[in-house]
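See below for the structure under consideration.
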Amino acid sequence: MAPSSVVVTIEKASNISLIEINDSKSSVFQEKQKAASTRQVTWFFLLRVQRLFSCISWLATSFKAVFSLIRKRVALSDDVGEEDPKYRGRLYSFIRVFLAISVVALVIEVTAYFQRWDLNLNLIHPLEVQSLVHLSYMAWISFRVDYVAPAIMMLSKFCIVLFMIQSVDRLALGIGCFLIKFKKLKPEIKGEAYDVEDCSSFPMVLVQIPMCNEKEVFATSISAACQLDWPKDRFLIQVLDDSDDSLLQLLIKNEVSSWKEKGINIIYRHRFIRTGYKAGNLKSAMSCDYVKDYEFVAIFDADFQPNPDYLKLTIPHFKGNPDIGLVQARWSFVNKEENLLTRLQNINLCFHFEVEQQVNGYFLNFFGFNGTAGVWRIKALEESGGWLERTTVEDMDIAVRAHLNGWKFVYLNDVRVLCELPESYEAYKKQQHRWHSGPMQLFRVCLPAVLSSKISKWKKANLILLFFLLRKLILPFYSFTLFCIILPLTMFIPEAELPVWVICYVPITMSILNILPSPKSFPFLMPYLLFENTMSVTKFNAMISGLFQLGSSYEWVVTKKTGRSSESDLFALGERESKTLSEEKIQRRLSESGLEMLGKLKEQEAPVVKKKNRLYRKELALAFLLLTAATRSLLSAHGIHFYYLLFQGLSFLVVGLDLIGEQVS
């Protein structure tokens, strides 16, 4: 077909005709084509310019909003809103010094870049030295190559080895979970079920609800425990109140009294000497004389809501298995979609229960007791020494001692108990500090007992190497050291640069593995990866404080609860309340004790304290450190390294400004 040909297609019912006009000398079609082509190009560029201006406008608006939010957050911060200095300590001082050195190094590197000095290994000939500063820079490069880089490379290789060992451990757990799912492996119940018509066939069960100043959730937890489907004369509920608020004590007593009037076997206990935190509370409750009449004890924290069939699903696993000391149920979260922080927590805890607890429970018959939503054989508790107050992880402590005494554990992934996740970063950070400092306290005090115990050598190895060292010590050590210290350091020492697979491919693969138990969370894969690295500074600090017995490792802070319930729970609660609104209850509420409580409520009505989001200086310092290293990586055109440092620095900045989790207007 000729270059100037015109094709006209005519559609008919019968056929299609093609008309071709060839006229190489005619300029009519060429002029029209050129005009159309010019207009198209003009419109194309106009559209591109319009999109560019729209993008610039959006970025300017976004930066303005973020900058305004940062200014407001900083302006509102004061001594009350700041992070407690005891949580910063020496690590914060180290990060500040490292940040100052990085800023100075960045200024030098930028100067060298614009002066066209060599930033890497190719040293300039002495005759080409331009100034004294240039000579000093050459000396620094020589010293860096000969002494600094080898040391950094040795440390990075050590951390990479730990990283790969931990990744293999995660992969092995994932394979174990796959086998359990594929083969449909579950703990089996031996023997026949309990005779419903013969209540005496049901074992005696003690239900404990330890609480401390938990006014938002105490009524919900007591209500759920009182509705457990078990013969009323075969179980007793202990409400173990450690609250220091006299008004709250009266409210809890009133709630207990209301259920006692309905025929529930429930008692209220309050300690006058409140030592030992939760361990001391449980130890005091187990010292009661009537405890000897009970065979099992179920423990629920104040924000946990067991289903009515909980005891019927857990207690039968003890029948015919005299060596089983603990049956643990899985946690389910009522507020897992409340905000980004709760979604990221849900990913972590889903992997913990679905993979770690289930695999260790089925193949090893041992795992760390989660402190709640579990049933203990009282004999196992007594033979293992009972509750001890020597650490802030009394649940892990009793589990390790029971394991050393030969008791086996059962984990039920299908039995779930509703609870709440911390919705603010402040509450979550304090919780993680306790969860990661406590195991190191326990490791120090129980190591001699583990070495001298009569359990097999491979169980000792599993307990020391995997349970404590790999998952409680090595994990926070390498994640903080490798990704928050060594990686930004290598931007200023390019001879020790980390390979791409260490900072990209392997972490993403492990994050995908962690997120598999909660597939609906896949859109949050990258925020999860960044947030986990951000939390490494808190976990590392907690691990160090627990290992070396620093002051903050022995503090117990009750996690703030909101008292949320699922829609089904609210509906069921409404039905129950409508059935119990009787004349007797109305009279009880108008009784003398009720009026007295109302009067105290009015008298003790406290002024409203305005809540504030806090500033976290350690996270902010690391944010600026990583962003400084990202700026340095631009000079060397590091692709993956730059983007990782940039987004990780922004992640630290978001967390440091407390922009994740619950926001207070």
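The values are calculated or read from the model by the stated rules, or taken from the named source; none is laboratory data. Quick caveat, the model's predicted, so the values are computed rather than measured. Reconstructed Cβ throughout: ideal geometry from the backbone, glycine too, with neighbour counts over all protein chains shown. SASA here: full protein model, heavy atoms, side chains in, ligands and nucleic acids out. Shrake-Rupley method; radii C 1.70, N 1.55, O 1.52, S 1.80 Å.
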Worksheet item: Can you name every residue in segment 399-414 that is closer than 13 Å to Gly386 by Cα and among the polar types (S, T, N, Q)?
Response: Asn405
Worksheet item: In segment 179-212, which residues are farther than 22 Å from Asp229 by Cβ and touching a residue at least 12 places away in the same chain (Cβ under 8 Å)?
Response: Ile180, Leu185, Pro210, Met211, Cys212
Practice prompt. Give the number of residues within segment 168-189 that are among the acidic types (Asp, Glu) and touching a helix residue (DSSP H, G or I) at 6+ places or on another chain (Cβ under 8 Å).
Written response: 1
Worksheet, complete the sentence: Among Leu625, Leu650, Leu645, the single one that is over 20 Å from Pro507 (Cα atoms), part of a helix (DSSP H, G or I) and among the aliphatic types (A, V, I, L, M) is Leu625
Item to complete: Considering each residue of segment 380-439, count those that are over 26 Å from Asp323 (Cα atoms), of a type in the set (S, T, N, Q) and surrounded by fewer than 22 Cβ atoms within 10 Å (Cβ to Cβ), and give that number.
Response: 2
Worksheet item: So which residues in segment 230-268 are open to solvent by 60 Å² or more (accessible area, probe 1.4 Å), closer than 24 Å to Phe202 by Cβ and not in a helix (DSSP H, G or I)?
Response: Lys262, Asn265
Response to the item:
If we keep only residues of segment 591-638 that are open to solvent by 40 Å² or more (accessible area, probe 1.4 Å) and among the β-branched types (Val, Ile, Thr), then the residue modelled with the highest pLDDT is Thr631
Discussion item. Regarding segment 314-330, can at least one residue be identified that is in a loop (DSSP other than H, G, I, E, B) and on the phi > 0 side of the Ramachandran plot?
Written reply: yes
Item to complete: Determine whether segment 350-362 contains at least one residue that is closer than 15 Å to Leu525 by Cα and not basic (Lys, Arg).
Response: yes
Worksheet item: What are the residues in segment 461-509 that are open to solvent by 40 Å² or more (accessible area, probe 1.4 Å) and not in a helix (DSSP H, G or I), if any?
Response: Glu497, Pro499
Worksheet item: Checking Ser62 against (1) over 27 Å from Ile486 (Cα atoms); (2) open to solvent by 50 Å² or more (accessible area, probe 1.4 Å); (3) modelled with pLDDT under 70; (4) within 39 Å of the chain's Cα centre (by Cα), which single condition isn't satisfied?
Response: (2)
Worksheet item: Within segment 399-410, can one find any residue that is under 24 Å from Ala225 (Cα atoms), assigned to a strand (DSSP E or B) and more than 19 Å from the chain's Cα centre (by Cα)?
Response: yes
Worksheet item: Within the group Lys215, Lys190, Lys186, Lys181, which residue is within 18 Å of Cys419 (Cα to Cα) and open to solvent by 70 Å² or more (accessible area, probe 1.4 Å)?
Response: Lys215
Item to complete: Please identify the pairs in which a residue from segment 437-450 that is in contact (Cβ under 8 Å) with a residue 12 or more places away in the chain has its Cβ atom under 8 Å from the Cβ atom of a residue that is of a type in the set (A, V, I, L, M) and not in a helix (DSSP H, G or I), counting only partners at least 6 apart or on another chain.
Response: Gly438/Val393; Pro439/Val393; Gln441/Val393; Leu442/Val393
Practice prompt. Would you confirm whether any residue within segment 270-278 is more than 29 Å from Val334 (Cβ to Cβ) and buried (at least 18 other Cβ atoms within 10 Å of the Cβ)?
Written response: yes
Practice prompt. Within segment 282-303, track down each residue that is closer than 16 Å to Leu206 by Cβ and open to solvent by less than 10 Å² (accessible area, probe 1.4 Å).
Written response: Leu282, Ala285, Val291, Phe296, Val297, Ala298, Ile299, Phe300
Item to complete: Give the number of residues within segment 147-165 that are aromatic (Phe, Trp, Tyr) and open to solvent by less than 80 Å² (accessible area, probe 1.4 Å).
Response: 1
Discussion item. Residue pairs, Cβ under 8 Å, 6 or more apart or interchain, first in segment 639-663 and surrounded by fewer than 20 Cβ atoms within 10 Å (Cβ to Cβ), second of a type in the set (D, E, K, R) and in a helix (DSSP H, G or I). List them.
Written reply: Leu659/Arg73
Worksheet item: So Phe353 clears everything in (1) within 30 Å of Ser511 (Cβ to Cβ); (2) open to solvent by 10 Å² or more (accessible area, probe 1.4 Å); (3) of a type in the set (Phe, Trp, Tyr) except one condition, right? Which one?
Response: (2)
Worksheet, complete the sentence: Going through segment 337-378 in order, the residues found to be assigned to a helix (DSSP H, G or I) and over 25 Å from Leu529 (Cβ atoms) are Gly361, Tyr362, Phe363, Ile378
